[in-house]
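Colleague: Can you read through this structure? Questions will come right after.
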Amino acid sequence: MMPAFATDDGGDFRARSTIDAARLHHGVDRMIQDGGNVISTTGSFGECHTLLMDEFNTLAHETAAANRQRVTLSII
């Protein structure tokens, strides 16, 4: 389980576009390098009800891009 890859202002209720793609890519790479063989995101980890639709789409797209089909990816 990894923490959210949020922008520095991600905790501000007025913030928009709070997915930090560079942090997310780094985290996905690290998980795979450390031996993770499955990545699951947006399940019951809170993203589904706390992200705006644009943020959800960014998270899903960037996670898939970072993974580069190296391991099994589940985006719920």
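Colleague: Can you tell me which residues in the stretch 13-53 are among the charged types (D, E, K, R) and touching a strand residue (DSSP E or B) at 6+ places or on another chain (Cβ under 9 Å)?
Modeller: Asp20, Arg23, Glu47
Colleague: Something else: Kindly list, by first and then second residue, each pair from a residue in the stretch 56-71 that is closer than 13 Å to Thr18 by Cα to a residue that is of a type in the set (S, T, N, Q), limited to pairs with Cβ atoms under 7 Å and residues at least 6 apart or on different chains.
Modeller: What qualifies is Phe56/Thr42; Leu59/Thr41; Leu59/Thr42.
Colleague: Of all residues in the stretch 17-49 being under 17 Å from His61 (Cα atoms) and in a loop (DSSP other than H, G, I, E, B), which is modelled with the lowest pLDDT?
Modeller: Top of the filtered list is Gly43.
Colleague: Turning to a different aspect of this structure: Keeping to the stretch 50-72, report how many residues are aliphatic (A, V, I, L, M) and at pLDDT 95 or above.
Modeller: Of the residues in that region, 4 qualify.
The values are calculated or read from the model by the stated rules, or taken from the named source; none is laboratory data. Just so you know, these numbers come straight off a predicted model, no measurement behind them. FYI the Cβ positions are ideal-geometry reconstructions off the backbone, even for glycines, and counts take in every protein chain you see.
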